[in-house]
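The structure under discussion appears below in the form of structure tokens.
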Amino acid sequence: MITSTILIIALVSSMVINFIFVWYTRKLLSYLEMTNDEAREVFSSLVDFEGHLTEVYGKDTYYGDPTLESLLKHTNRMADEMQGFLQVNEELISDDIEASDA
């Protein structure tokens, strides 16, 4: 009798803990997806800025200006870093979603 009571308590406790872990994991995935969406928006703005800067740099008045050239290179590096960040996060999200679906 005591053994079955202990087993029932352990089973219920395990179910509650598992439910909490599943809920917390889904909440984290939702937050990560939201963060990734915002990062995509920032990346899109950065790409627009890069295009605008390239257009300005290409004009006769500013062509060859070392300040704009440096700014353009810096923007390209930032865009590359942001792209890497987005790729890692998207892989992480897809792996976590596949794991939670299984």
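Nothing in this text is a laboratory measurement; each read-out follows from the coordinates by a stated rule. Please read these numbers as outputs of a predicted model, since none were measured by experiment. Note that we place each Cβ from the backbone using ideal geometry, even for glycine, and neighbour counts take in every protein chain shown.
For this structure, a couple of remarks:
Residue by residue, here is whether (1) of a type in the set (S, T, N, Q); (2) surrounded by 10 or more Cβ atoms within 10 Å (Cβ to Cβ); (3) not in a helix (DSSP H, G or I) holds:
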| site | (1), (2), (3) |
| --- | --- |
| T3 | yes, no, no |
| M15 | no, yes, no |
| V22 | no, yes, no |
| R26 | no, yes, no |
| V42 | no, yes, no |
| V47 | no, yes, no |
| G64 | no, no, yes |
| E81 | no, yes, no |
| E90 | no, yes, no |
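- Condition check for L71: under 25 Å from the mean Cα position of the chain (by Cα) and of a type in the set (A, V, I, L, M, F, W, C): no
- Enumeration of residues in region 46-66 that are farther than 14 Å from A79 by Cα and within 32 Å of the chain's Cα centre (by Cα): E55, V56, Y57
- Cβ pairs under 9 Å, 6+ apart, first in region 26-55 and free of Cβ contacts under 8 Å to residues at least 60 places away in the same chain, second among the β-branched types (V, I, T): N36/I93; L46/T75; F49/T75; E50/T75; L53/T75; T54/T75
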